1. Tell me which residues, restricted to the range 267-307, are β-branched (Val, Ile, Thr) and over 24 Å from the mean Cα position of the chain (by Cα).
2. Considering every residue within the range 35-44, establish whether at least one is part of a loop (DSSP other than H, G, I, E, B), among the basic types (Lys, Arg) and either away from ligand 2 (no atom under 16 Å from the Cβ) or in contact with a helix residue (DSSP H, G or I) (Cβ under 6 Å, 6 or more places away or on another chain) (or both).
3. Filter the range 409-450 down to the residues that are of a type outside the set (A, V, I, L, M, F, W, C) and within 16 Å of ligand 1 (Cβ to nearest atom), then identify the one that is farthest from SER241 (Cα to Cα).
4. Taking the range 359-412 only, how many residues are open to solvent by 30 Å² or more (accessible area, probe 1.4 Å) and free of Cβ contacts under 8 Å to residues at least 60 places away in the same chain?
5. For the range 35-55, enumerate the residues that are open to solvent by 10 Å² or more (accessible area, probe 1.4 Å) and within 22 Å of the chain's Cα centre (by Cα).
6. Just need a number here: residues in the range 224-242 that are open to solvent by less than 10 Å² (accessible area, probe 1.4 Å) and either within 22 Å of the chain's Cα centre (by Cα) or farther than 24 Å from LEU307 by Cβ (or both).
7. How do the helices (runs of 4 or more DSSP H) wholly within the range 92-209 filter down when requiring 1 or more residues that are within 30 Å of LEU467 (Cα to Cα) and out of contact with any Pro (no Cβ under 9 Å at 6 or more places or on another chain): which remain?
8. Search the range 413-435 for residues that are more than 23 Å from TYR460 (Cβ to Cβ) and of a type in the set (Val, Ile, Thr) and pair each with any residue that is away from ligand 1 (no atom under 16 Å from the Cβ) and open to solvent by less than 10 Å² (accessible area, probe 1.4 Å) when their beta-carbon atoms are under 7 Å apart and the residues are at least 6 apart or on different chains.
Amino acid sequence: MSMFCYQCQETVNNTGCTKVGVCGKKPDVANIQDLMIHTIKGISLYSNELNKLGHRSEEVDHFVLYGLFATITNANFDKFVFMDKIRKGLTMRDNLKQQLAKVAPDIQVPQRDEATWFADTEDAMEAKAVTVGVLAMEPEDIRSLKQMIIYGLKGMAAYTHHANNLNYEDPQVDDFMQETLAKLTDNTLTVDDLVALTLETGRVGVQAMKLLDDANTGSYGHPEITKVNLGVRDNPGILISGHDLKDMEELLAQTKGTGVDVYTHSEMLPANSYPAFKKYDHFVGNYGGSWWHQNVEFEKFNGPILLTSNCLVPPRDSYKDRVYNTNAVGFPGCAFIPDRVDGQPKDFSALIEHAKKCDPPEELETGEIYGGFAHHQVLQLADKVIDAVKSGAIKRFFVMGGCDARQNPRKYYTDFAAALPKDTVILTAGCAKYRYNKLDLGDIGGIPRVLDAGQCNDSYSLVQIALALKDAFGLEDVNDLPISYNIAWYEQKAVLVLLALLSLGIKNIHLGPTLPGFLSPNVAQVIVDNFDLAPIGTVDEDLQAFMQ
Ligand code: SF4
Ligand code: SF3
């Protein structure tokens, strides 16, 4: 076994990637990512104590976020980026240690390996990395819970990073991440301790998603109902993917008047519905489908592509020189756009000049799809929605958010959406929607049958909508609403979304296309028993169960 990773839904045989990742992650990268997590745990052992004493550091907060975010599935494949960060991380850890010794000499941080190890050469780091992987955690149930918590933290870090880019910070969220990372170094924690910490991760996850919702809507306005163009124009273009709206804003501002058009890909689709972006004439619409189509679609786009977060598929040589990464995204040999310095915008001039030399995008499709059904917009339609429920025109809502991915069983979600009775409405968020957002499912009295709240983090919007409906119908329990949850997961942001839903007491969620491979049989049973979480079955069986 040259690596071990089971953090995403496509892990080999739903048990673990041991030779190379299905995602394309090589063993040396997988192992060094494990060492990155080990490093931020060591930092957190000290920073957690300093945070409690009021000696907080934004630099530490952002470093810890980076370590979590960059190790998320399909974010960063560059071993040397991680080695460089780990060196910096060890210096940061030792500085924090000295600072703590000065301000609170009585506090004894447990001298666990995370707090003391050191390596600076590539060989020494690689030798260390293979000793700190997932399987080093024993026994199985403890490993399962600890890893689930780390995956939740990775999702939390990604969302918090995007919020931070918009100058929205929540120290409580950062404190929680560091406190939790510090706790995870403790080998005396019991299953009960870790179950409680899992739910707490979900609770703070709601707070992190709210932070990003506040950041996005506070900066760019509330998404509004929008018909998004799927076709192309005959100017050269830049394609922007991922989740970071600050990058979107700066790219649109810098491309204005250059003759270069801008298109969204995958999880950037919801940017089309924000008032602040709709005003740009050269913002043409959305190109293509969800992330895993990029090998074909990036090829055909012809122009440069900006990846602002996961999911990056290892690029083909034929278009690799057109792939630009930023934030936590990285791939050896691809260009990287550095972070903002002193609040100045990022410099996208290299992409713009590159685009000018490229052909316009090849047309993939034509037409339009609806977007913009985030909480503010839906609540403006609340009377119409409530009347439709009361009159029986809408019988049930199906929350079908989450992730998309490559494998054939995900056809289930297309078939499920198509098979739903005509008096049902799908509430969606995340790239899972691409399995059904181009089907012609019609509308109910002018309300489209697929209401797209936005990116995966906008699952927060779906929760807000559910809570508002609960109040409108005078219900005590959100589980009494005619809403069913049929969630698709792939990477760790979806893990956070799931933990957030569980922490809100939402029961009877169906999760697919498989339950996570990182759940040990006992841990899976605890979740199934306490939350009625179920795997998906066949479309017919599930429809029957949901409609009962
Ligand atoms: Fe395998 Fe997923 Fe890990 Fe990639 S991220 S190595 S596919 S489990
Ligand atoms: Fe998709 Fe990667 Fe998860 Fe934000 S882009 S939902 S998989």
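1. Across the range 267-307, the qualifying residue is only VAL284.
2. Taking every residue of the range 35-44 in turn, none turns out to be part of a loop (DSSP other than H, G, I, E, B), among the basic types (Lys, Arg) and either away from ligand 2 (no atom under 16 Å from the Cβ) or in contact with a helix residue (DSSP H, G or I) (Cβ under 6 Å, 6 or more places away or on another chain) (or both).
3. Within the range 409-450, the match that is farthest from SER241 (Cα to Cα) is PRO409.
4. 8
5. Scanning the range 35-55 gives ILE37, HIS38, LYS41.
6. 4
7. The qualifying helices (runs of 4 or more DSSP H) are 140-165, 171-183.
8. Matching pairs, first to second residue: THR414/TYR436.
The values are calculated or read from the model by the stated rules, or taken from the named source; none is laboratory data. Just so it is clear, the model here is predicted, and its values are computed rather than measured. FYI the Cβ positions are ideal-geometry reconstructions off the backbone, even for glycines, and counts take in every protein chain you see. With ligands, DNA and RNA removed, areas are computed over all heavy atoms of the protein, side chains included. Shrake-Rupley method; radii C 1.70, N 1.55, O 1.52, S 1.80 Å.
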